[in-house]
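Colleague: Please read through the structure below; I'll follow up with questions.
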Amino acid sequence: MKPRSLVWFRSDLRTQDNTALAQACARAGGRSGSGVVAVFLISPGEWRAHDHAAVKVDLMLRSLADLSRSLRALNIPLRIQTAPTPGEIPEILLELARSTGCEQLHFNKEYELNERRRDASVIDAFQSAGLKAFSYTDQALAEPGDVRTGEGRFFTVFTPFKRAFFRLWDERGGIGVHAAPPAQAELPIKSSEVPLQVDGWKSSVSPDRWPAGETAARKRLQIFAHQAIDEYKDRRDFPGVDGTSQLSPYLTVGCISPRQCVAAAIEANLAKNPGQKGSPLEFGSPGAVTWISEVLWREFYIHVMTGFPRVCMHRAFQPATEALRWDEAPDRLEAWQQGRTGVPIVDAGMRQLLRDGWMHNRVRMIVAMYLSKDLWLDWRRGERWFMQHLVDGFLASNNGGWQWSASTGTDAAPYFRIFNTRSQSEKFDATGAYIREFVPELRSLSDQAIHDPESLPPLARSRLDYPRPLVDRVKARERAIAAFKDLKQS
Ligand SMILES: Cc1cc2nc3c(=O)[nH]c(=O)nc-3n(C[C@H](O)[C@H](O)[C@H](O)COP(=O)(O)OP(=O)(O)OC[C@H]3O[C@@H](n4cnc5c(N)ncnc54)[C@H](O)[C@@H]3O)c2cc1C
């Protein structure tokens, strides 16, 4: 008799290309075996500690409902239980395994420090109870630790990481994508109802903004790969243009896998360049190649987070930068959070975050650098606000992006290269379309003045219902550079 298995879904809410599900189903033996039971844990203590945004929890729950329907078609019951605190998780899973007759647990790895500790205690509990637990590489394209420098260390710079990743990919002959498993024989186990909401996480973002589930995610990927990927390189930096995939929320909750993303990009690349020599990860359509490279930034940051777990503990990647003395200025922080800094491109970005739970990558960099360098506020405050509001909040990428912007991280922006918000705005939102969408107070300004309302004649400026800039840009820049210079010399 084949064993019955429990599959623990977490940030992998899909049936296609789900390694743990595919492995558990293969071991359980399909129709003739004794089957698979799925479980998802509502984990308020963990979600609160990790600042999960309401919009992200909403996408998770709606995607869970979609997963439940897909699993039902495969005759896999889905049990949903609440684990008020992470410490209760091992016992809850063990109890569920016992009550559903499961001898094995399967799950895909997560790499945040607390998650790794939690998973280690679950594996211990299962082994102590004489049951088996299996974990799989799935959230990352390669297991963190498999891509190393010549000296055997984790990479801290992206481009050499990417080259080493390409070599590994070639050695492994690429990475396959799992199909959804076949339907199993019905089990006498009832599925749970998927809750519509969890107390404490009420999203104000319209659910239509982020259609949920793996079918919606795959559709978005297909449309992007067929219709937009070729122009990605030229359009990706302009927030007023719909030029990026907007797949980050789906990667975060796991409605789509990074393998599916790379496979679709390779397919699009080969379709356009059939005779192309060299790896389709690196050569061919500049759009597809650039997009794959962006997906690898996510991979890079997962590997960094695993190799340098201090970044999960609110610590700077570059320990020396812990000595920087940031300002305590709650009024400045609040103005930034609410999109009232008096810098139009920054305010547009922060208001996009509040409206959609998402922000364009170029603007994320601008607002992050503005908070840390111009406002001289601790990057951790911005990192936290992002996690509390992003639908795609993902510790590895969020921390990586913040530490890059604040010049405290791996591969960081050099401290003396501080974005000029005005020239960024003029370059990447030349017509002001993005600012006009999110800062209606400035809609009537010319394409030039919209980037800097302070350039208006005094009377025209005084008629605007729009705040004055919080800080003098030139002085702020000098101050930030001096603080970093002091650090280097001390
Ligand atoms: C300060 C800051 C905070 C960020 N926080 C997050 C976060 O919490 N979650 C998150 O997924 N991304 C984060 N990013 C990275 C990036 O901004 C988003 O992944 C991207 O904007 C998502 O849009 P998209 O799906 O259209 O991306 P696309 O341009 O279509 O890229 C495809 C995928 O590649 C990955 N990717 C692209 N750029 C990056 C990058 N710079 N770093 C890491 N992965 C990348 C994402 O998974 C993305 O979905 C952050 C960046 C900065 C500068």
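The values are calculated or read from the model by the stated rules, or taken from the named source; none is laboratory data. The shown structure was predicted, so the numbers you read here are calculated from the model rather than taken from an experiment. Cβ sites come from the backbone with ideal geometry, for glycine too, and all protein chains shown count toward neighbours.
Colleague: Taking the criterion of being part of a loop (DSSP other than H, G, I, E, B), assigned by TED's automatic domain parsing to the domain that holds R384, out of contact with any strand residue (DSSP E or B) (no Cβ under 8 Å at 6 or more places or on another chain) and closer than 15 Å to I366 by Cα, would at least one residue in region 432-442 satisfy it?
Modeller: no
Colleague: Can you find, within region 293-334, the residue that is farthest from A406 (Cα to Cα) among those that are touching a Pro at 6+ places or on another chain (Cβ under 7 Å) and of a type in the set (A, V, I, L, M, F, W, C)?
Modeller: V295
Colleague: If you take the residues in region 21-31 that are of a type in the set (G, A, S) and crowded, with 24+ Cβ neighbours inside 10 Å, which one is farthest from Q139 (Cα to Cα)?
Modeller: A28
Colleague: Out of curiosity, is P160 outside the structural domain of E110 (by TED's automatic domain parsing) and surrounded by 16 or more Cβ atoms within 10 Å (Cβ to Cβ)?
Modeller: Spelling it out, it is not the case that P160 is outside the structural domain of E110 (by TED's automatic domain parsing) and surrounded by 16 or more Cβ atoms within 10 Å (Cβ to Cβ).
Colleague: What are the residues in region 260-298 that are among the polar types (S, T, N, Q) and within 14 Å of the ligand (Cβ to nearest atom), if any?
Modeller: Selection gives Q260, T290, S293.
Colleague: From the list V471, V391, pick out the single residue that is in contact with a helix residue (DSSP H, G or I) (Cβ under 7 Å, 6 or more places away or on another chain), crowded, with 21+ Cβ neighbours inside 10 Å, touching a residue at least 12 places away in the same chain (Cβ under 8 Å) and assigned to a loop (DSSP other than H, G, I, E, B).
Modeller: On inspection, the qualifying residue turns out to be V391.
Colleague: Turning to a different aspect of this structure: Which one is surrounded by the fewest Cβ atoms within 10 Å (Cβ to Cβ) among residues in region 94-119 that are touching a helix residue (DSSP H, G or I) at 6+ places or on another chain (Cβ under 6 Å) and under 27 Å from M305 (Cα atoms)?
Modeller: Among those residues, the one meeting the criterion is L113.
Colleague: Hey, can you tell me all the residues within region 363-399 that are more than 21 Å from K56 (Cβ to Cβ) and more than 10 Å from the ligand (Cβ to nearest atom)?
Modeller: Y370, K373, D374, L375, W376, L377, D378
Colleague: On the given criteria, is A83 more than 21 Å from F126 (Cα to Cα) and hydrophobic (A, V, I, L, M, F, W, C)?
Modeller: Here the answer is no, as A83 does not meet what is asked.
Colleague: Would you confirm whether or not region 266-281 contains a residue that is in contact with a helix residue (DSSP H, G or I) (Cβ under 7 Å, 6 or more places away or on another chain) and touching a residue at least 60 places away in the same chain (Cβ under 8 Å)?
Modeller: Yes: one or more hits.
Conditions (1) buried (at least 19 other Cβ atoms within 10 Å of the Cβ); (2) in the same structural domain as T19 (by TED's automatic domain parsing); (3) basic (K, R), marked per residue:
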residue: F40; (1), (2), (3): yes, yes, no
residue: S43; (1), (2), (3): yes, yes, no
residue: A49; (1), (2), (3): no, yes, no
residue: A53; (1), (2), (3): yes, yes, no
residue: K56; (1), (2), (3): yes, yes, yes
residue: M60; (1), (2), (3): yes, yes, no
residue: A65; (1), (2), (3): no, yes, no
residue: A73; (1), (2), (3): no, yes, no
residue: I76; (1), (2), (3): yes, yes, no
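Colleague: Within region 424-434, track down each residue that is touching an Asp or Glu at 6+ places or on another chain (Cβ under 6 Å) and away from the ligand (no atom under 15 Å from the Cβ).
Modeller: T431, G432
Colleague: Okay, next question. Taking the condition outside the structural domain of R79 (by TED's automatic domain parsing), surrounded by 14 or more Cβ atoms within 10 Å (Cβ to Cβ) and either among the charged types (D, E, K, R) or assigned to a loop (DSSP other than H, G, I, E, B) (or both), does D146 pass?
Modeller: In short, yes.
Colleague: If you check R27, R79, R62, R72, which single one turns out to be over 21 Å from P195 (Cβ atoms) and among the basic types (K, R)?
Modeller: Only one candidate qualifies: R27.
Colleague: If you don't mind, there's one more thing I want to ask. Only residues that are more than 9 Å from the ligand (Cβ to nearest atom) and among the aromatic types (F, W, Y): list them for region 400-423, please.
Modeller: Y415, F416, F419
Colleague: What pairs can you find where one residue is in region 79-96 and touching a residue at least 40 places away in the same chain (Cβ under 8 Å), the other is surrounded by 16 or more Cβ atoms within 10 Å (Cβ to Cβ) and basic (K, R), and their Cβ atoms are less than 7 Å apart, with a gap of 6+ or different chains?
Modeller: Cβ pairs passing all conditions: P86/R118; I89/R118; L96/R79.
Colleague: Which of the residues spanning region 209-235 are within 13 Å of the ligand (Cβ to nearest atom), buried (at least 16 other Cβ atoms within 10 Å of the Cβ) and closer than 30 Å to D66 by Cα?
Modeller: Across region 209-235, the qualifying residues are W210, A217, R220, L221, F224, A225, A228, I229, Y232.
Colleague: Which of (1) closer than 20 Å to W358 by Cβ; (2) outside any loop (DSSP other than H, G, I, E, B) is the odd one out, the single condition E426 does not satisfy?
Modeller: (1)
Colleague: Right, another one. I want to confirm something. Restricting to region 120-132 and keeping residues that are among the aliphatic types (A, V, I, L, M) and in contact (Cβ under 8 Å) with a residue 12 or more places away in the chain, which single residue is surrounded by the most Cβ atoms within 10 Å (Cβ to Cβ)?
Modeller: Among those that are among the aliphatic types (A, V, I, L, M) and in contact (Cβ under 8 Å) with a residue 12 or more places away in the chain, it is V122.
Colleague: Kindly check whether there is at least one residue in region 271-287 that is under 22 Å from the mean Cα position of the chain (by Cα), within 26 Å of R148 (Cα to Cα) and part of a loop (DSSP other than H, G, I, E, B).
Modeller: Yes, because at least one residue in region 271-287 is under 22 Å from the mean Cα position of the chain (by Cα), within 26 Å of R148 (Cα to Cα) and part of a loop (DSSP other than H, G, I, E, B).
Colleague: Of the numbered conditions (1) crowded, with 19+ Cβ neighbours inside 10 Å; (2) farther than 30 Å from G174 by Cβ; (3) out of contact with any Leu (no Cβ under 6 Å at 6 or more places or on another chain), A329 satisfies every one except a single condition; which is it?
Modeller: A329 satisfies every listed condition except (1).
Colleague: Let me ask something else. Within region 6-57, how many residues turn out to be out of contact with any Cys (no Cβ under 6 Å at 6 or more places or on another chain) and either polar (S, T, N, Q) or assigned to a loop (DSSP other than H, G, I, E, B) (or both)?
Modeller: 19
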